[in-house]
Amino acid sequence: MRDFTLTAYRGLLDAFKEAGYPFQTFTEYLNKPLDKVIMLRHDVDDRKLHSLEFARIQHEKGIVGSYYFRMVPESYDEGVIRAIYDMGHEVGYHYEDMDFAKGDPHKAIRLFEEHLAKLRNVVPVSTICMHGSPRSPFDNKDVWKHYRYRDYQIIGEPYFDIDYRRVFYMTDTGRRWNGSSVSVRDKVEDHFGLVFRSTFDIIAAIRENRFPQRAMLNFHPQRWTDNPTLWLSDKYQQHAKNFVKYWLIRMRKAAATV
């Protein structure tokens with residue numbers, strides 16, 4: 001079977017449900033964390049209708065997730081945002097304001113305020129999550145070296161407010177589950193030592209009771225499709241992007257040691 005399809009995604013959700021995992025949004029987890037729980041995080045970077053399809057699949061299965069929207073046309077769509085929120089999912093801001101501001105934190109916070117207010121005019125927002133902006137030299141999280149997101153009634157940011165010693169983190173960055181070598185910023189400290197190559201490996205671990213009790217899984221829904229042409233195109237495009245990101249990471253590490 002092909003990975004990164006909606007069929008594979010449905011199989012993953014079913015495996016979690018069959019194993020008795022409850023689901024919480026990020027906000028729900030921060031307010032009342034369960035001992036056994038799955039958090040489904042979605043970075044809506046592109047192809048926003050793919051995220052809407054993810055939300056519908058989850059809703060059909062009685063599952064909730066968290067969706068983080070960028071302020072770019074490929075992501076931001078008030079109709080899609082409302083539809084996802086109305087299904088019971090959480091909506092948050094996928095901020096990249098340091099990138100927009102070319103590294104100026106004071107300009108970045110003004111943009112953050114403007115963008116957060118715009119999103120809050122559509123739906124309530126209580127959490128945020130940085131966009132990695134892999135080609136940018138600026139880390140969007142750096143704005144919080146100068147300001148506090150809690151001053152904006154934001155209760156959490158996954159890269160700051162989850163104890164990853166207790167919560168296993170997985171991301172499909174690079175269109176792979178073991179893509180740390182091609183992930184520029186979507187990284188946390190690993191305390192579990194688990195590596196899964198495919199969605200089917202994850203499903204097997206769940207069924208064999210080898211999967212952690214608490215986990216956050218980060219999805220980029222634009223990568224997941226049952227359309228064979230789009231699936232194949234995205235596969236080879238992502239291979240090319242991964243090659244570029246791999247060398248970008250190496251060059252930045254080399255420059256940092258000079």
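Numbers below:
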quantity	calculated
ARG10-TYR152 pseudo-label distance in nm [points 7 Å out on the Cα-to-Cβ vector]	3.8
Near-label residues of the stretch 108-145 by backbone N, under 19 Å of a point 7 Å along Cα→Cβ of LYS32	126-127
For the stretch 71-83, 3J(HN,Hα) per residue [Karplus equation, 6.51 cos²θ - 1.76 cosθ + 1.60, θ = phi - 60°, Hz, x = Gly/Pro]	9, 10, x, 5, 10, 6, 8, 5, x, 5, 4, 5, 4
Gain on full stretching of the segment that runs from VAL188 to ALA205 - 0.36 nm per residue minus C-alpha separation	4.0 nm
Over the chain: helical MRE at 222 nm, DSSP H runs n ≥ 4 each giving -39500 (n - 2.57), nearest 500	-12500 deg cm²/dmol
Residue order, fewest to most beta carbons within 10 Å, for VAL125, VAL80	VAL80, VAL125
GluC sites (Glu not before Pro) restricted to DSSP loop in the stretch 72-142 with at most 14 other C-beta within 10 Å	GLU74
Alpha-carbon Rg with Dmax, taken over the chain, Å	17.7, 53
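Each reported figure results from applying straightforward, stated rules to the coordinates on display, with no laboratory input. Predicted, not measured: the structure shown is a model, and the values here were computed from it. Because the Cβ atoms are built from the backbone with ideal geometry, glycine has one as well, and the counts that use them run over all protein chains shown.
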